[in-house]
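K.L.:
Structure in structure tokens, see below.
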Amino acid sequence: MPSRKGAGVMRSTSPKENTPLVSLVDSKKRWSILHMFAIVTFVGTILLVKSTTSIENPEDSRLPSQPIVDPNVQSFETIVSPVNIEMAKVSKKPGFVADEVKDLDLNPAIKNAMYYGKPPKLTTLSRSSLSAPSRSLWGNLSKPYPTHAFWENYVLGTGIDMMNAVTSLPYITQATDYSLDLFYPYTSMATETQFQLGFDQIVGRLTVGASTEDLTGGPSISSYDDLGVTLEFDLQSGGTMKSHVVQGSPYVSYEYENARPLITSGQIARRYYVNGEEVQCNDKARKGRIFEFSLLQFDETWKVYAFPAISLRCTAQNPPFALQADDKWSGVLRVAISNNCTFGETPHHCASKDSSSNSISDLIASKDSGYSSLLDEHASAMVTGGTVDFTVTGDTAEITYDFKYKNLATSADKVLVASEPLMLSMPHHRATFSEAFAKTAVKWDAATHRSIHGLQRATIGKTWRMSEDLTTIAFAAPREIKNSNWKDAIVKAAKTDLKYELPWNYQTGTGDPYNAGKMMAKMANIAFIADTVGIPRKNMTKFLDGLADSLELWLNGTSRNSLIYDKSWGGVVSCGCRYSYPPPSCINGGPPNCPALGGDPVSNGFDFGNGAYNDHHFHYGYMIYAAAGLAHFRPEWGKKHRKSVEALIRDIASPNPKDKYFPRFRHMDWYSGHSWAGGVAMAYLNGKNQESSTEACNAWYGISLWGRAMNNTYVRDIGRVLFAIESRGARTYWQIPEESSQIYPEEFAEHHTAGIIWQNLIQYQTWFGQLEWEVQGIQTLPVTFASEDILTPKWASKAAELFESTCGGSCDTDGWITFLCMLQAVNDKSKGWDCAQKLDSGVFDGEAAGGNGNSLSNTLYWIATRP
């Protein structure tokens, strides 16, 4: 189940109202899978009994509705088809240390930089088979397992259903019992509220595998790293087929051992070449190194590179096109599309403009621009994955992609020449390349690949180096309050806010971890501001005591809706609370009775899907932010609770490749340049998703503050690097300041903001509605001192205008209007201040779904400290 926010009123939405024009997925199946799952939802302290009746806790946020548009839909028009990741200090000597972990190659410079032992004080539980990872799909790999990898659909459910598509860019892939099939998406389909690339799962499928007579079962994950994954298929003969899927690779590679390769398509072959010579597809076997075929219906041309040469027999009967080996063979086939507009006769696949202009209209894979020759030249450099490293010097980070590749060429090869890898770079990559590297490595004149995330350009090199400036913002805004009257108002607001207490149910930890985290982070922010404007720390004692008491419930596993350690997947999850009120209590009694871990649709709805690993960086990011506040004001508290806080940090961002308890950097998709929020509840056709880019940024900012509070530059810089990557991703892909966007088509760009980004779908909506204020608001909160690195003036101007146009009703009463005032202040402080003066005090209450993580002092302080 994807990420969702507890913000907004339950809305009645019928399937007919939300069904797109045409879908390639059966509509009944689509609704039974998604909305039966989304309609019955438990969120923290709220139980939805029926789709029209809910029991609400007055102290909690209201229940979000199901998605306005089905994210499993992938078509808008009729289609006619006959790390090893290492972090170092200034010394740039990477390495890790782990308390209680003795098998690491340690760097003395960071020997005690982070706690890597078992999460302390939390109950440890194993899941039932319904929600535990499938051993057959994970092969011989051991936990902890990644939960947000770009390829996660390979291991969810059966791993081979129609919904188990994986977007690896530029291809979409799907595993079957005997193959890893490829789809090349056709031209963009856009409306005012959705943008995606379509793919036909029937005729558009290129099946690449082995003879069904050789196979004994479906695939399992053989290995993975930061940029790629390898699937392995076992054969009856004792041989194997391995498929390497790497993000940004123009090839998908297949390694065979003692197997008979088989390639089929539902399309009719228009032309067929072997080693550059056109031949007939007439059931005759021909030996070659390059096989090339043009397919009729989708106007595609594909190339298959063989190492060593192989004899393949071409048939054109049933299926309409097939290449098959009659004899068992050991070697590598690399498959790549070389032209998606071969004859220019299929409007769904051909762009109307020259691809050199870098605009969204130019979504065409290849034309006569040398791209096919590039594929030939680099085919022998087989990329199987890659690692991401980063080093920090001062306030600058160098992020490095090292692609793992094998040189397949031999001295006997005349057609294929060994070379460095050919990969495809995204807009955020090219924005951070050095000028020299961008000039020499990026092939600006070659044709580009289409993507809903911008053009992918051919880029050559085994190593990419990218540079990011790191934030220096810590516990206050980077400038003083110049207006003395405004400062007086902030002091007054802060004194009032220092009397704030969490709602009753959250004081006992009966609520959900998301809203609990928001309100505890709010308290830390109030303390930061009070300290900055000169309120004595002794006046904050009771306030900080309340924050410490509330946060310790979660850290110590003593909250009624307790956090536990899930040893099946490897992570900290919420147990879930079957809520009873009054008084606030959990009738399930806590672990081992954990309703959030059942694996069924109802269980996966508890706590916004925390038990299914949804939104952990949102939930725990707020808690880490709160912990940083306590450690800042009370260093001894930080030392005492260090292990528990760093267990939460490791849950969302463990830097240790050998961490025994958590996967490495759970949420971050290094190639895509941002994180994913959706977890492991189910496979969605359009892959992973993330709604609130700003809440993701807040998680990494919170980690940096924890590092600062603990005088730990290692942890601080992990947070700063992740924040730099995520904030660039937010500015590049979620914010659309201009309608003439180089990423988004004009009909979608007019809203200036992406609401939910999926791997192959972008929606202008949230998980709780699709009004302007809902979308703009979720891409603004929380507003902290570091938000000025995210909320750019050009975008904020457009977003505030759209926000204001619809802000009324629950926008006011639920506190979302507070973020309108703060957005307005980015470009006009006086306007923002006037807006804030009109706010009702209730907009910051615990039941205000939008404003419960904000405060009047924070709102005024942000406005007063704008440049």
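The values are calculated or read from the model by the stated rules, or taken from the named source; none is laboratory data. Small disclaimer: the values here were computed from a predicted structure and weren't measured. For neighbour counting, all protein chains shown are included, and Cβ atoms are generated from backbone atoms with ideal geometry for every residue, glycine included. The protein model used for the area step is the full one, side chains on, heavy atoms only, and it has no ligands, DNA or RNA in it. Shrake-Rupley method; radii C 1.70, N 1.55, O 1.52, S 1.80 Å.
K.L.:
Looking at Lys639, is it of a type in the set (Lys, Arg), open to solvent by 10 Å² or more (accessible area, probe 1.4 Å) and more than 30 Å from the chain's Cα centre (by Cα)?
P.N.:
Details: of a type in the set (Lys, Arg): yes; open to solvent by 10 Å² or more (accessible area, probe 1.4 Å): yes; more than 30 Å from the chain's Cα centre (by Cα): yes.
Yes.
K.L.:
Which of the helices (runs of 4 or more DSSP H) found entirely inside the stretch 646-760 contain at least 3 residues meeting this: at pLDDT 95 or above? I'd like the intermediate steps shown before the answer.
P.N.:
Working: elements: 693-709, 713-729, 746-749.
Passing ranges, in order: 693-709, 713-729.
K.L.:
Which of the residues belonging to the stretch 209-225 are closer than 22 Å to Gly687 by Cβ and surrounded by fewer than 24 Cβ atoms within 10 Å (Cβ to Cβ)?
P.N.:
Answer for the stretch 209-225, where residues must be closer than 22 Å to Gly687 by Cβ and surrounded by fewer than 24 Cβ atoms within 10 Å (Cβ to Cβ): Gly218, Ser220, Ile221, Ser222, Ser223, Tyr224, Asp225.
K.L.:
Answer yes or no: is there a residue in the stretch 405-422 that is within 30 Å of the chain's Cα centre (by Cα), within 14 Å of Val246 (Cβ to Cβ) and open to solvent by 20 Å² or more (accessible area, probe 1.4 Å). Outline the logic, then answer.
P.N.:
At the first step, the residues of the stretch 405-422 found to be within 30 Å of the chain's Cα centre (by Cα) are 405-406, 420-422.
Checking which are within 14 Å of Val246 (Cβ to Cβ) leaves us with 405-406, 421-422.
Remaining after also requiring open to solvent by 20 Å² or more (accessible area, probe 1.4 Å): 405-406.
Within the stretch 405-422, one or more residues are within 30 Å of the chain's Cα centre (by Cα), within 14 Å of Val246 (Cβ to Cβ) and open to solvent by 20 Å² or more (accessible area, probe 1.4 Å).
K.L.:
For the stretch 257-276, give me the residue count where each residue is open to solvent by less than 10 Å² (accessible area, probe 1.4 Å) and in a strand (DSSP E or B). Step through it out loud before you land on a result.
P.N.:
Step one: filter the stretch 257-276 for residues open to solvent by less than 10 Å² (accessible area, probe 1.4 Å), giving 259, 261, 263, 265, 267, 272.
Then keep just the ones that are in a strand (DSSP E or B); that gives 259, 261, 263, 265, 272.
Matching residues across the stretch 257-276 total 5.
K.L.:
Another question about this same structure. How many of the residues in the stretch 509-568 are of a type outside the set (A, V, I, L, M, F, W, C), surrounded by fewer than 24 Cβ atoms within 10 Å (Cβ to Cβ) and part of a helix (DSSP H, G or I)?
P.N.:
12
K.L.:
Still on this model: Could you tell me whether Lys487 is modelled with pLDDT of 95 or more, among the charged types (D, E, K, R) and within 32 Å of the chain's Cα centre (by Cα)? I'd like the intermediate steps shown before the answer.
P.N.:
Numbers: modelled with pLDDT of 95 or more: yes; among the charged types (D, E, K, R): yes; within 32 Å of the chain's Cα centre (by Cα): no.
Criteria not met by Lys487.
K.L.:
Would you list the strands (runs of 3 or more DSSP E) that sit entirely within the stretch 292-356 and hold 2 or more residues that are in contact with a Lys or Arg (Cβ under 6 Å, 6 or more places away or on another chain)?
P.N.:
Details: elements: 300-315, 321-324, 329-339.
Qualifying strands (runs of 3 or more DSSP E): 300-315, 329-339.
K.L.:
Here's a follow-up. How many residues are of a type in the set (A, V, I, L, M, F, W, C), touching a Gly at 6+ places or on another chain (Cβ under 6 Å) and under 17 Å from Thr207 (Cα atoms) when one looks only at the stretch 176-192? Give the steps one after another, and end with the answer.
P.N.:
Within the stretch 176-192, the first condition is being of a type in the set (A, V, I, L, M, F, W, C), and the residues that meet it are 180, 182-183, 189-190.
Next, from what is left, pick out any that are touching a Gly at 6+ places or on another chain (Cβ under 6 Å): 183, 189.
Subset that is under 17 Å from Thr207 (Cα atoms): 183.
The total comes to 1.
K.L.:
I'm trying to understand the selection: among the residues of the stretch 773-808, which are of a type outside the set (Gly, Ala, Ser), open to solvent by 10 Å² or more (accessible area, probe 1.4 Å) and under 16 Å from Cys835 (Cβ atoms)?
P.N.:
Listed by number, the residues that qualify are Glu801, Leu802, Glu804, Thr806, Cys807.
So that you can scan it fast, the table gives a plain yes or no per residue for (1) among the aromatic types (Phe, Trp, Tyr); (2) buried (at least 17 other Cβ atoms within 10 Å of the Cβ):
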residue	(1), (2)
Glu278	no, no
Phe293	yes, yes
Ser311	no, no
Ala316	no, no
Leu323	no, yes
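K.L.:
Here's another thing I want to ask about it. Just name the residue that is modelled with the lowest pLDDT out of those in the stretch 166-197 that are closer than 19 Å to Thr342 by Cβ, in a loop (DSSP other than H, G, I, E, B) and within 21 Å of the chain's Cα centre (by Cα). Break it down into steps so the answer makes sense when it comes.
P.N.:
From the stretch 166-197, those closer than 19 Å to Thr342 by Cβ are 170-171, 182-187, 197; that's our starting set.
Narrowing further to those that are in a loop (DSSP other than H, G, I, E, B): 170-171, 184-187.
Going one step further and asking which of them are within 21 Å of the chain's Cα centre (by Cα), we end up with 170-171, 185.
Values: Pro170: 95, Tyr171: 96, Pro185: 90.
Result: Pro185.
K.L.:
Determine, yes or no, whether Glu232 is surrounded by fewer than 18 Cβ atoms within 10 Å (Cβ to Cβ), within 21 Å of Thr167 (Cα to Cα) and out of contact with any His (no Cβ under 9 Å at 6 or more places or on another chain). Walk me through how you get there before you give the answer.
P.N.:
Details: surrounded by fewer than 18 Cβ atoms within 10 Å (Cβ to Cβ): yes; within 21 Å of Thr167 (Cα to Cα): yes; out of contact with any His (no Cβ under 9 Å at 6 or more places or on another chain): yes.
Yes, satisfied.
K.L.:
Read through the list (1) farther than 30 Å from Tyr671 by Cα; (2) open to solvent by less than 40 Å² (accessible area, probe 1.4 Å); (3) in a loop (DSSP other than H, G, I, E, B), then give the number of the only condition that Ser249 fails.
P.N.:
If we test Ser249 against (1) farther than 30 Å from Tyr671 by Cα; (2) open to solvent by less than 40 Å² (accessible area, probe 1.4 Å); (3) in a loop (DSSP other than H, G, I, E, B), just (1) comes out false.
K.L.:
A follow-up question, please. Here are the criteria: (1) assigned to a loop (DSSP other than H, G, I, E, B); (2) farther than 26 Å from Arg728 by Cβ; (3) among the polar types (S, T, N, Q). Tell me which single one Gln765 does not satisfy.
P.N.:
Checking Gln765 against (1) assigned to a loop (DSSP other than H, G, I, E, B); (2) farther than 26 Å from Arg728 by Cβ; (3) among the polar types (S, T, N, Q), the one that fails is (2).
K.L.:
Could you tell me which of the residues Gly238, Gly157, Gly217 is out of contact with any strand residue (DSSP E or B) (no Cβ under 9 Å at 6 or more places or on another chain) and either among the hydroxyl-bearing types (Ser, Thr, Tyr) or part of a loop (DSSP other than H, G, I, E, B) (or both)? Before you say what the answer is, go through the steps one by one.
P.N.:
Numbers: Gly238 fails: out of contact with any strand residue (DSSP E or B) (no Cβ under 9 Å at 6 or more places or on another chain); Gly217 fails: out of contact with any strand residue (DSSP E or B) (no Cβ under 9 Å at 6 or more places or on another chain).
Within the list Gly238, Gly157, Gly217, the selection yields Gly157.
K.L.:
If you take the residues of the stretch 824-867 that are assigned to a helix (DSSP H, G or I) and touching a Ser or Thr at 6+ places or on another chain (Cβ under 6 Å), which of them is most open to solvent (accessible area, probe 1.4 Å)?
P.N.:
From the stretch 824-867, those assigned to a helix (DSSP H, G or I) are 824-827, 829-837, 841-844, 851-853, 856-864; that's our starting set.
Still in the running and touching a Ser or Thr at 6+ places or on another chain (Cβ under 6 Å): 827, 836, 843-844, 851, 859.
Numbers: Asn827: 86, Ala836: 5, Val843: 8, Phe844: 21, Gly851: 0, Thr859: 0 Å².
Checked the stretch 824-867; the qualifying residue most open to solvent (accessible area, probe 1.4 Å) is Asn827.
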